[in-house]
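The values are calculated or read from the model by the stated rules, or taken from the named source; none is laboratory data. A quick note: this is a predicted structure, and the numbers were derived from the prediction, not measured. Every residue, glycine among them, receives a Cβ derived from its backbone with ideal geometry; neighbour counts consider all protein chains shown.
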Amino acid sequence: MKKITKKSEVRQGVEQLMLEIPEIVGRELHEMVVGAGMSVLARMLELEREKLCGPRYVHSTTRTASRGGHTAGELAFGGRRAAIPRPRAIGADGHEVRLRTWDTFASNDPLNERAVEQMVIGVSTRKYARSLEDVDVKTRGASKSAVSRRFVALTGAQLGELMKADLKGIDLAALMIDGIAMGEHVVLVALGIDVDGGKHVLGMHEGATENGPACTALLTNLRDRGMRTDRCILVVIDGGKALRKAVGDVFGKRALVQRCQVHKCRNVVDHLPETKRANAEKVIRQAYKTKRIDQARSQLENLARALEKDYPSAAASIREGLEETLTIKRFRMPDALARTLSTTNPIENLNSGIRRVCKRVTTWKGGTMILRWVGAALVEHSRGFHRLKGHAGMKALVAALRALDRAEGVAQQRKAA
C-alpha cells in the first residue's frame, strides 16, 4: 500500500511539472527574445560606429570620427519608451556624428498607434501598463497621463485626416446617413457605397440634435470635398424630416430616397395595441417582399384603410413617406442587394461599432472629444469592412441610375429648346 502511494506521488509530481513547463519555457523564451533584440540593436549601432571610427583599439588613418563613449537614450519598445544607451561618435570638427541606425529606430515611433489600438479594443488608460509585456529595462511613457496625451494626439490627427479626405476618387452609387447620440450631442455619420459595393466612411458632423442645419452642414462638407451631386444617387435614411429636407436641398431631384423599411414598420406597429401588432407587421413585411411596386403599394394602402377608423395614427404612419419606402422597387436588381439597400442596417452596424468603442467613456468633455473618439472608432471599424451584401447586383443599380441621368439630361435639353 505504501509503494502505491509513492508511485502516486511521483505521478502527481510529473503531472505538475508538465503543467509548469509551458509557463517556464514561455517566460524564458520571452526573456531570450527581448535580450536577443537588445543585443542585435547594440551590435547594429556598434557596427555603424565602427565604420566611422575603425575597429576598437586599432589605429586607423582613414577614420572620419572617434569614439565618444555612450550617453542616455530612449527608443520605443513594447508599447512604452525604454532607456537604451546610445553610442556616440565625434567628428574631426568636434561635433557629434549622428548614427543613422539610431535615427531610424527613433523616427519609427509606434507608441501613438499602440495607445489608440489599446483604447479601441477596450483597455483603459489606467490599465495600459498592465497590458504590456514585461521587459527587463528601465521604461517610461506607460502612465495614465502619458497614454492619454498620445491618444489625444493621434486621434486628433486621425480626425483631421477623416474630415479633410478627398472624395473625388470614390465613385458612389449609394449613400447612407444616420445619427448616433453621444451624451448631449448627436453625431451624424455618412457611409458611402461605391459602384462595386465597397463601403467608405465619408465624414461626420457633430451637433446638439439631428436638425436641418446639422444635416445640411454634413452634406455640404461632403460635396465640398468632392462628392458628386450632379448625378443620380440612392440615399438610404431612417425617415427623419430634417435629414430628408437636407438631402433634397443638396441633391435636388438627383437624390432617390429610400426610407428604411425596418424603421417604418417599427413606427407603424408602435401606434397599435399588442393584439394588433403581429398581424400588421406581417402584412407590412409581405408588402415589402413583393417585387412589383404597384402591388406593394396596394397592400399597404389596404392595411391603412383597415386601420384608419380605430387606429388613425397607425394608418397615417403607413401613408407618410409610403412611396419612399418602395423606391428600391423601381430598380431591377437581385433580391439580396434590394434587401440590403432597403434598410439602414449597414450604417446601423457601423454605429454599433462606435458604441462598442465608446461605451467605457462616462463623461464627455465637449464635442471635440466626442469627434476624436468617434473618428477613432470609425477608423477601427473600417479596417474590417467587407463589400455590401448582394454587391454582385451593383451593376444593375448603377445602370439604372445612369439611365435616369440620361433621361434627365434629355428632359433638360428639351426644356431649354
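Conditions (1) over 26 Å from Asp171 (Cβ atoms); (2) modelled with pLDDT of 85 or more; (3) in a helix (DSSP H, G or I), marked per residue:
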site: Thr368; (1), (2), (3): yes, yes, yes
site: Val379; (1), (2), (3): no, no, yes
site: Lys389; (1), (2), (3): no, yes, no
site: Leu397; (1), (2), (3): no, yes, yes
site: Leu401; (1), (2), (3): no, yes, yes
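Considering (1) surrounded by fewer than 16 Cβ atoms within 10 Å (Cβ to Cβ); (2) in the same structural domain as Trp373 (by TED's automatic domain parsing); (3) of a type in the set (Val, Ile, Thr), say which one Ile293 fails and leave the rest.
The failed condition is (2).
Exactly one of these conditions fails for Pro213: (1) under 23 Å from Gly384 (Cα atoms); (2) modelled with pLDDT under 90. Give me its number.
All conditions pass for Pro213, except number (1).
Tell me, please, whether a residue that is part of a loop (DSSP other than H, G, I, E, B) and over 27 Å from Leu167 (Cβ atoms) can be found in the stretch 272-286.
Scanning the stretch 272-286, I find at least one residue that is part of a loop (DSSP other than H, G, I, E, B) and over 27 Å from Leu167 (Cβ atoms), so the answer is yes.
Scan (1) closer than 25 Å to Arg244 by Cβ; (2) in a helix (DSSP H, G or I); (3) not assigned by TED's automatic domain parsing to the domain that holds Leu175 for the single condition Ala336 breaks and write down its number.
(1)
Return the residues of the stretch 169-184 that are among the small types (Gly, Ala, Ser) and more than 14 Å from Val247 (Cβ to Cβ); say none if nothing qualifies. I'd like the intermediate steps shown before the answer.
Restricting attention to the stretch 169-184, the residues satisfying the condition of being among the small types (Gly, Ala, Ser) are 169, 173-174, 179, 181, 183.
The answer is Gly169, Ala173, Ala181, Gly183.
Regarding the stretch 192-202, can at least one residue be identified that is touching a Cys at 6+ places or on another chain (Cβ under 9 Å), surrounded by 15 or more Cβ atoms within 10 Å (Cβ to Cβ) and in contact (Cβ under 8 Å) with a residue 12 or more places away in the chain?
no
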